[in-house]
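J.: Take this structure first; my questions come after.
Bear in mind these aren't lab numbers, they're just calculated from the coordinates by the rules spelled out. The shown structure was predicted, so the numbers you read here are calculated from the model rather than taken from an experiment. Here the Cβ is made from the backbone with ideal geometry for all residues, glycine too, and neighbour counts use every protein chain on show.
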Amino acid sequence: MKLPLSWIKEYADIPVDADTYRDKMIMAGNGVEGYEALGGGVSSVVVGQIRSVRKHPNSDHLMITTVDVGDGVIQIVTGAPNITVNSVGAYVPVAKGGATLPGGKTIKPGRLRGEVSDGMLCGGDELGVPDSLYPGAGVDGILIFNEPHQLGLDVKPILGIDETVFDFEVLANRPDCLSVWGVARETAAILGTAFVKPGITVRETAKPITDYASVAVLDDELCPRYVACAIESVRVAPSPMWLRKALHGAGMRSINNIVDITNYVMLETGHPMHAFDLDRVRDRKIIVRRAKPGERLITLDGKERELTDAMLVISDAENAMGLAGIMGGEESEITESTKAILFECAAFGRTSIRLTSRALGMRTEASARFEKGVSPYTAVEAMRRACQLVNLLDAGDVAQGMIDLYPNPKPRPVIEADCSKMRVAMGVDVPDVEMARILRALCFDVEQRGGKLVVTSPEFRQDVDQEADLTEEVLRLHGYLALKSTLPVGVNMPGHRSPRMRLNDSMKALLRAWGGYEIYGFSFMKPALLGWLNLDEGDPRLAPLALRNYLGEDTSIMRPTLIPSMLTALALNQNRKLGECLLFESAAAFETIVGGKPRTENELPFERQTLCIGGYGAEFDFYKMRGMVESLLKSRGILCRVEAGADRYYHPGRSARLVAARPADHSGKAVHEEGVTVARLGEAHPDVAERFEASGRVYLAEIDLGAVLDLQTVITKVTEPPRHPAVTRDIALVMDGAVQLGSVVDMISASSALVDSVKLFDVYRGAQVGEGKKSAAFALTFRAPDRTLTDAEVNPVLDALLKELSDVYGAALRG
């Protein structure tokens, strides 16, 4: 926000130079981007009067003038089209020899076509003066002053470019500082001077405002306060120089006296205003309401806007006339023919203004202030200031009274603050009396009660409602430099690896030891890849988490499974003629439906930590993949039973699920919950592999690391190596082809404490064992910890085992 320094000085004395002022404002928490002198590039440009004009003897378009510049008469050659023999007596800006102009241009005496030229007559554009600042400055040619001035006088004060302009950075919590009064209040408190507002008096006619207009607010939530005043016998005219100069310094363009008054009051008080041509308001009735769906409005910038019912408008008895708090409508615009106006000064809901402004792509000075929050308390004061300026500029006659609709006024916050707690929070020993002084300087009402302060926030401060806010106010004015530098206090805790990290490290180390390579895939994927996996209808992975602002279709969803990334990587290695490959990836799969319950809009997706393994090669088969997965799980103390079948992207006859069954210490005590699927593995379905351009047989596995983390057994003791030799037996059993051999292995392992290990080493199907039958060969190891077993001890155990297998599975020794 840009403000002329002279405007701030009208209300607060600034007894320091610009650099010091900038530094003190910054150190008190008020952002200052910098400052500039508007006429800083202009020097030695003075008022001159043209004494004579004659044609140049060597040019058909140049003129030779003599100009009185106060300390003498000089000759200047000019080619300006508006300087003729009739220009004698005109007062003009003259850049004498050695003068500088904006852009670093220096004027040097010289000759033009053989004639001496000791300077330059200046136009408004050459001095950086727009027509809105000085009428006539925009003419094509030389700027001619509208009135006589003392010859030799510096032109900068006359043209309004003798100003220092500060650029303030106002934070979102300080909308009161988006005004001259707000900055002046801060200035006075920081520099220890006084803030003095102008006395406001208004001359009114005998005719009340109710004879001119009526106002109805249909949504007091979006418009908590609406104030209106009527002006009759309006006299639209250019604004005086002091007003144009103030607006120009703040970066605004002068329009006419009525519009300039509304802009001036907005900049001075921080409260936006608007003026309606009352003769264009149907039935002279103002209605504040939500827009109708599809309603259209042509705003002052000439653009037609389509509105929604979430937007607040100012309307007459029939149509919308303006977007509340953003921009007025073209239909009720102030023109030279305007005879009666209605001033509006209201408070609108900040959220509504922000959403409307963004939806329509409109950003104005008014909307910027309403978005940060405009206090409803100050509306009447701002309106009275506007009416006072109408009197001052003789821009019209102010009707008696005003319409003030404020149905639900809010009381000013009262805060009881403990001074000792404030000192602890600040870390600075500020006396109670000094705290009270600082807060009073900031316009707070303060009452001291023992060691406490009872503070009432000023009407214009909406950001102070608790003790912490008062502490911040006191500290920033007391001075941040009062804070002493201290070393951090505390003990730095050493970093450590979390259980999940350690689990990942352990499994990755094993896979690397087996010759595996870790891969990293994107967490995003293309939705079409899920269709390649043959997932069942209703599978929760078919409802992935979609991204709102994705870069492209290939990265538009978060992957609910790691399988597509693994198949893509395996196919890439095959295409590069790598004969065998073992890859693994540990990452999160993002699920939106867990336990049949979908996530809500405000919930984060469930991230299932997964270890995905893929491989292929001449010696790679289902059993190798199964062995690796089982070894990984056994390393964490988890033994599983094997159940046939897995997801549909696996081969239906060469896939399995590993379900947690019992711990690895063979204690016989079931400590793991039955039915927890820890892993899925198998050969990729040929159709699925083909879609991913993978050839031959490729094998996949998915391990649920979350389940592993929950089910793993902490190893608390170790068993010494066996001291006595083992007894081995190989048996071949013929059984029905449908029997799951994993359950047979589990039965053998649990049959006796003497069974040390069981290994399935051969499966045979053929005519020799009969149709629908199979032969399974097992290697059994028997061992006792305290002695060497004899056949007399092993044979009864083996006989009992064979009988149990026969009873349960119908298994018989192969002859």
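J.: Taking 8 Å as the Cα distance limit and 6 or more residues as the minimum spacing, I'd like the relative contact order of the range 322-378 as a percentage.
T.: After rounding, I find 44 percent.
J.: Give the value in nm², to one decimal: projected area of the alpha carbon convex hull of the range 686-815, averaged over all directions.
T.: 12.6
J.: Right, something else. Taking the Kirkwood radius as the inverse of the mean 1/r across Cα pairs, report the Rg/Rh of the range 377-508.
T.: Radius of gyration relative to Kirkwood radius: 1.30.
J.: Right, something else. How far, in nm, would the chain grow between GLU434 and GLU518 when pulled straight, counting 0.36 nm per residue and subtracting the alpha carbon separation?
T.: Roughly 23.8 nm would be gained on extension.
J.: DSSP loop (so not H, G, I, E, B), at most 10 other Cβ within 10 Å: list which GluC sites (Glu not before Pro) in the range 677-779 pass both filters.
T.: GLU771
J.: Test of the criteria: in the range 563-608, which GluC sites (Glu not before Pro) are in a DSSP loop and have at most 15 other Cβ atoms within 10 angstrom of their Cβ? Provide the component values of the computation, followed by the final result.
T.: Numbers: sites: GLU580, GLU585, GLU591, GLU601, GLU603, GLU607; in loops: GLU580, GLU601, GLU603.
Passing both the DSSP loop test and the Cβ count: GLU580, GLU601, GLU603.
J.: What is the local net charge at ALA189, summed over the other residues whose Cβ is closer than 15 Å to its Cβ (Lys, Arg +1; Asp, Glu -1)?
T.: +1
J.: Let me ask another. Can you give the longest run of the chain that contains no chymotrypsin sites (Phe, Trp or Tyr not before Pro) sitting in a DSSP loop with at most 11 other Cβ atoms inside 10 Å?
T.: 1-519
J.: Just to be sure I understand the model, the point goes 7 Å from the Cα along the line to the Cβ. What's the resulting VAL594 to THR193 distance in nm?
T.: 6.2
J.: Now a separate question. Determine the relative contact order of the range 26-83: mean sequence separation of Cα pairs under 8 Å and six or more apart, normalised by residue count, in whole percent.
T.: Rounded, it is 23 percent for the range 26-83.
J.: Distance in nm between label sites at GLU36 and LEU813, each 7 Å beyond Cα in the beta-carbon direction?
T.: Those two pseudo-labels are separated by 10.4 nm.
J.: Mind checking the angle between helix 379-393 and the chain's longest principal axis? C-alpha axes, 0 to 90 degrees, to the nearest 10.
T.: Helix 379-393 sits at roughly 30 degrees to that axis.
J.: Sticking with this structure for a sec: Need the full-extension length gain, SER59 to ASP279, defined as separation in residues times 0.36 nm minus the C-alpha distance. One decimal, nm.
T.: Gain in length upon complete extension: 73.6 nm.
J.: Let me ask you something else. With runs of 4+ DSSP H residues as the only contributors, calculate the mean residue ellipticity of the chain at 222 nm using -39,500 (n - 2.57) per run, divided by the residue total and rounded to the nearest 500.
T.: -7500 deg cm²/dmol
J.: Among the GluC sites (Glu not before Pro) in the range 192-296, which ones are in a DSSP loop with at most 16 other Cβ atoms within 10 Å of the Cβ? Mind listing them? List each step's numbers first, then the result.
T.: Details: sites: GLU204, GLU221, GLU232, GLU268, GLU295; in loops: GLU221, GLU295.
Of the GluC sites (Glu not before Pro), the ones in loops of the range 192-296 whose Cβ has at most 16 other Cβ atoms within 10 Å are GLU221.
J.: For THR713 and HIS496, FRET efficiency with R0 = 22 Å and r from the beta-carbon atoms, rounded to 0.05? Walk me through the numbers before you get to the answer.
T.: Details: r = 21 Å, r/R0 = 0.97.
For R0 = 22 Å, the calculated efficiency reads 0.55.
J.: Turning to a different aspect of this structure: If only Cα atoms are counted, what is the Rg of the range 249-322, and what is its Dmax, in Å?
T.: Just the Cα atoms of the range 249-322 yield Rg and Dmax of 14.2, 41 Å.
J.: Something else about it: For the ranges 75-87, 114-126, what's the packing order if you count other beta-carbon atoms within 10 Å of each residue, average per peptide, and put the highest first?
T.: 114-126, 75-87
J.: Can you work out the Karplus-derived ³J(HN,Hα) for every residue in the range 761-769? Use 6.51 cos²θ - 1.76 cosθ + 1.60 with θ = phi - 60°, whole Hz, and x for glycine or proline.
T.: Per-residue couplings from phi come out as 10, 6, 10, 10, 10, x, 5, 5, 9 Hz.
J.: Quick one: check the C-alpha center-to-center distance for the range 421-444 versus the range 307-358, whole angstrom.
T.: 43
J.: Shifting gears a bit: For the chain, what does the relative contact order come out to in percent, with C-alpha contacts under 8 Å and a separation of six or more?
T.: Relative CO of the chain lands at 8 percent.
J.: Karplus couplings for the range 235-247 from phi (6.51 cos²θ - 1.76 cosθ + 1.60, θ = phi - 60°), rounded to Hz, Gly and Pro as x?
T.: Karplus values, whole Hz, x for Gly and Pro: 10, 6, 7, x, 7, x, 4, 4, 6, 4, 5, 5, 5.
J.: I'd like the projected area of the range 1-155, averaged over all directions, using the convex hull of its alpha carbons. Report it in nm² with one decimal. Please list the in-between numbers first.
T.: Values: hull surface 44.7 nm².
Convex hull of Cα atoms, orientation-averaged projection: 11.2 nm².
J.: When Rg is the radius of gyration of the Cα atoms in the range 536-685 and Rh is its Kirkwood radius, what does Rg/Rh come to? Don't jump to the answer; show the numbers that get you there.
T.: Values: Rg = 17.5 Å, Rh = 17.5 Å.
My calculation of the ratio gives 1.00.
J.: For the pair ARG548 and ALA732, what calculated FRET efficiency results from E = 1/(1 + (r/R0)^6), where r is the Cβ-Cβ distance and R0 = 41 Å, to the nearest 0.05?
T.: 0.10
J.: Quick one, which of (1) 3, 13, 22, 26, 21, 12, 4, 0; (2) 2, 11, 17, 18, 16, 13, 11, 7, 4, 1, 0, 0; (3) 2, 9, 13, 12, 11, 11, 10, 9, 8, 6, 4, 2, 1, 0, 0 is the actual P(r) over Cα pairs in 10 Å bins from 0, in percent calculated for this model?
T.: (3)
J.: Would you tally the net charge around ASP418, using a Cβ to Cβ cut-off of less than 13 Å, leaving ASP418 out, and scoring K and R as +1, D and E as -1?
T.: My count for the surroundings of ASP418 gives +1.
J.: Also: In nm, what is the difference between 0.36 nm times the number of residues separating TRP242 and ASP154 and their Cα-Cα distance?
T.: 30.0 nm
J.: Taking the Cα centroid of the range 583-628 and of the range 143-170, what is the distance between the two, rounded to the nearest whole Å?
T.: The range 583-628 and the range 143-170 have Cα centres separated by 74 Å.
J.: Cα axis of helix 350-360 to longest principal axis of the chain: angle in degrees, 0 to 90, nearest 10?
T.: Roughly 90 degrees, rounded to the nearest 10.
J.: Identify, among SER523, ALA324, VAL380, the residue whose Cα sits farthest towards the positive end of the charge dipole of the chain, taking +1 on the Cβ of Lys and Arg and -1 on the Cβ of Asp and Glu, with the dipole about the Cα centre.
T.: Farthest towards the positive pole: SER523.
J.: Could you work out how far helix 180-191 tilts from the main Cα principal axis of the chain, as a 0 to 90 degree angle to the nearest 10?
T.: The two axes meet at around 80 degrees.
J.: Could you list, in their original order, any pairs among LYS108/LYS156; LYS372/LYS597; LYS759/LYS803; LYS207/LYS285 whose Cα atoms are separated by more than 28 Å? Intermediate results must be reported in sequence, preceding the final value.
T.: On the way: LYS108/LYS156 20 Å; LYS372/LYS597 40 Å; LYS759/LYS803 19 Å; LYS207/LYS285 17 Å.
Flagged as over cut-off: LYS372/LYS597.
J.: Picking from LEU312, TYR21, VAL414, whose Cα lies most toward the positive end of the charge dipole for the chain (charges on Cβ: Lys, Arg +1; Asp, Glu -1)?
T.: Highest projection toward the positive end goes to TYR21.
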